[in-house]
Ligand SMILES: [Zn+2]
Ligand SMILES: [Zn+2]
């Protein structure tokens, strides 16, 4: 049997939403001796898969190796990775990988990509290193990471370059920015950050750290800044995380019934504060959800969690305490399938039943695309009588990324000559450039808005910044089950088609001697139309198939089966589109006997 996947013959209504630009034919010129090259390999057309390469004088430093979770454009795929072909071809020059902090959009690609780029030494702060190494345990086949833990005041030498660090405020401890010193000035990468402040005045601790890293006495020249653009569209200063902590503490203190707090497991600082606040008011904490449990364990191990051992109890001990002494910390604020809170909402959680005396805090914003599942989650919880608090009705969440005025403060503290925005969709990057101009009077020619794979160079001894016309390979790289592949756009297209209009399979048996069908063809379809109620359509399609097969076979000896199948696919696809306005995937299976 020969199943043809007639990709070329199939009518295409929608090309993949992300065009696959495969510019792998570009010959990339060598780097001049007086130039610095920066290649954002990911993270500048999306929030996710952050990775940037900085190259000078034969040395390459990589900052962050993130991944991106699947989205609507890539159904069925597990993750999307940055395209690292540029680095794979230059792996002998890579001196270091520096990781700014432990979020998956900055560390997620490590197990997949480190082996491909020669497993160079990795530098990061303590908590990040533990999160990375813990995750490596899930990938037993990959080479051991040469992990070198640094602190914010350290200076390291990689190749011929000196690298320093500075501490930044984010939602996870040990987040840092990177300062790479070159003879023409330094290249600064902030990682993800916001500014801790009181009513719009940055705290002393923030001011001191920036003054230490970028002294205003003129001794330090920043040639180029790359910075986080996520929230630059929001005006003013963001809600400080400490305000969220204070509000959560107030709620924990005054809560009369049982409290369930659902949040991201990546918001480590908040998790720690919740446990500490619960302890302060004599309450016990139950941790539900694998990623939460793991992160709490890591914090305990590193001494970041100050709470007593007895404060955290197992779910089986809930009954030993009155409801007002229980705080449940749970995953599922985004309504992810199988998360603890979703199971509670669907009454399938083995140990925790929602009651009208429960209050549930969704301590997170809603990630775009999750609106409907989150709505359903809230509906299900509310049907069971629980009270719900979320970020729109109380300050129980803040993002880890700077708003516009904080961003301007950061720019003024760092004072770069050139600027390139990172970490955001194109429009966010553009908005960030406007902020850069406002902050330090940069001109249009001082800023560059990149796409993934653009090659940006600071040329002529640090005097101008340009975007080369040649591009590093930037096609999608997908992790699909166990395989890591280059562009599998055919697979993705198939999945989109199957998801939208279903599949239509035709079985026919042709008499090889006369090219006639031996009996009426069989049809199987899924996700297309309900066949039992479409008898007339089926009848017509069968006639069409018979006609198409017999015409195609006519005069052929032997019969060219590929030709026959292509004709059948074309005819049936066209007919179904006319009759149903749908384009199912049509697969003819035709045997000759
Ligand atoms: Zn982050
Ligand atoms: Zn990030």
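Can you tell me which of 386, 402, 436, 394 is in contact with a strand residue (DSSP E or B) (Cβ under 9 Å, 6 or more places away or on another chain), more than 20 Å from residue 463 (Cα to Cα), at pLDDT 95 or above and more than 16 Å from ligand 2 (Cβ to nearest atom)?
None of the other options fit; the residue is 386.
I'd like the residue in segment 407-433 that is in a helix (DSSP H, G or I) and within 16 Å of ligand 2 (Cβ to nearest atom) and, out of all such residues, is nearest to residue 44 (Cα to Cα).
Across segment 407-433, the extreme among qualifying residues is 429.
Based on what the data block shows, is residue 236 at positive phi, more than 16 Å from ligand 2 (Cβ to nearest atom) and either in a loop (DSSP other than H, G, I, E, B) or buried (at least 21 other Cβ atoms within 10 Å of the Cβ) (or both)?
Details: at positive phi: yes; more than 16 Å from ligand 2 (Cβ to nearest atom): yes; either in a loop (DSSP other than H, G, I, E, B) or buried (at least 21 other Cβ atoms within 10 Å of the Cβ) (or both): yes.
Yes: the conditions hold for residue 236.
Going by the conditions given, is residue 248 modelled with pLDDT of 95 or more, more than 16 Å from ligand 1 (Cβ to nearest atom), within 30 Å of residue 56 (Cβ to Cβ) and more than 26 Å from the chain's Cα centre (by Cα)? Can you show your working first?
Numbers: modelled with pLDDT of 95 or more: yes; more than 16 Å from ligand 1 (Cβ to nearest atom): yes; within 30 Å of residue 56 (Cβ to Cβ): no; more than 26 Å from the chain's Cα centre (by Cα): yes.
Against the criterion (modelled with pLDDT of 95 or more, more than 16 Å from ligand 1 (Cβ to nearest atom), within 30 Å of residue 56 (Cβ to Cβ) and more than 26 Å from the chain's Cα centre (by Cα)), residue 248 does not qualify.
Taking segment 513-548 as the region of interest, how many residues are modelled with pLDDT under 85, closer than 20 Å to residue 562 by Cβ and surrounded by 15 or more Cβ atoms within 10 Å (Cβ to Cβ)?
Number of matching residues: 1.
One line per residue, one yes/no per condition, for (1) more than 16 Å from ligand 1 (Cβ to nearest atom); (2) in contact (Cβ under 8 Å) with a residue 40 or more places away in the chain; (3) touching a helix residue (DSSP H, G or I) at 6+ places or on another chain (Cβ under 7 Å):
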| site | (1), (2), (3) |
| --- | --- |
| 37 | yes, yes, no |
| 54 | yes, yes, no |
| 61 | yes, yes, no |
| 64 | no, yes, yes |
| 79 | yes, yes, no |
| 84 | yes, yes, yes |
| 88 | yes, no, yes |
| 116 | yes, no, yes |
| 123 | yes, yes, no |
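Being in contact (Cβ under 8 Å) with a residue 60 or more places away in the chain, in a strand (DSSP E or B) and within 30 Å of residue 389 (Cα to Cα) narrows it down to one residue among 260, 252; which is it? Even if it seems obvious, please write down each step before you answer.
Details: 252 fails: in a strand (DSSP E or B).
The match here is 260.
Select from segment 379-407 the residues that are more than 17 Å from residue 261 (Cα to Cα) and in contact (Cβ under 8 Å) with a residue 12 or more places away in the chain and write down the one among them that is surrounded by the fewest Cβ atoms within 10 Å (Cβ to Cβ).
Going residue by residue through segment 379-407, those that are more than 17 Å from residue 261 (Cα to Cα) are 383, 400-407.
Next, only the ones that are in contact (Cβ under 8 Å) with a residue 12 or more places away in the chain stay: 400-407.
Working: 400: 25, 401: 23, 402: 30, 403: 21, 404: 21, 405: 19, 406: 27, 407: 31.
Looking at the filtered set, the residue picked out is 405.
Any idea how many residues of segment 170-198 are touching a helix residue (DSSP H, G or I) at 6+ places or on another chain (Cβ under 7 Å), within 16 Å of ligand 2 (Cβ to nearest atom) and part of a strand (DSSP E or B)?
The number of residues fulfilling the criteria is 1.
Residues that are touching a strand residue (DSSP E or B) at 6+ places or on another chain (Cβ under 9 Å) and closer than 27 Å to residue 173 by Cβ: which helices (runs of 4 or more DSSP H) entirely in segment 75-145 hold 2 or more of them?
Details: elements: 85-88, 104-107, 110-113, 126-136.
Here the list reads 104-107, 110-113, 126-136.
The values are calculated or read from the model by the stated rules, or taken from the named source; none is laboratory data. The model shown is predicted, which means the values in this text are computed figures rather than measured ones. A quick note on method: Cβ atoms are made from the backbone with ideal geometry, for glycine too, and the neighbour counts reach across all protein chains shown.
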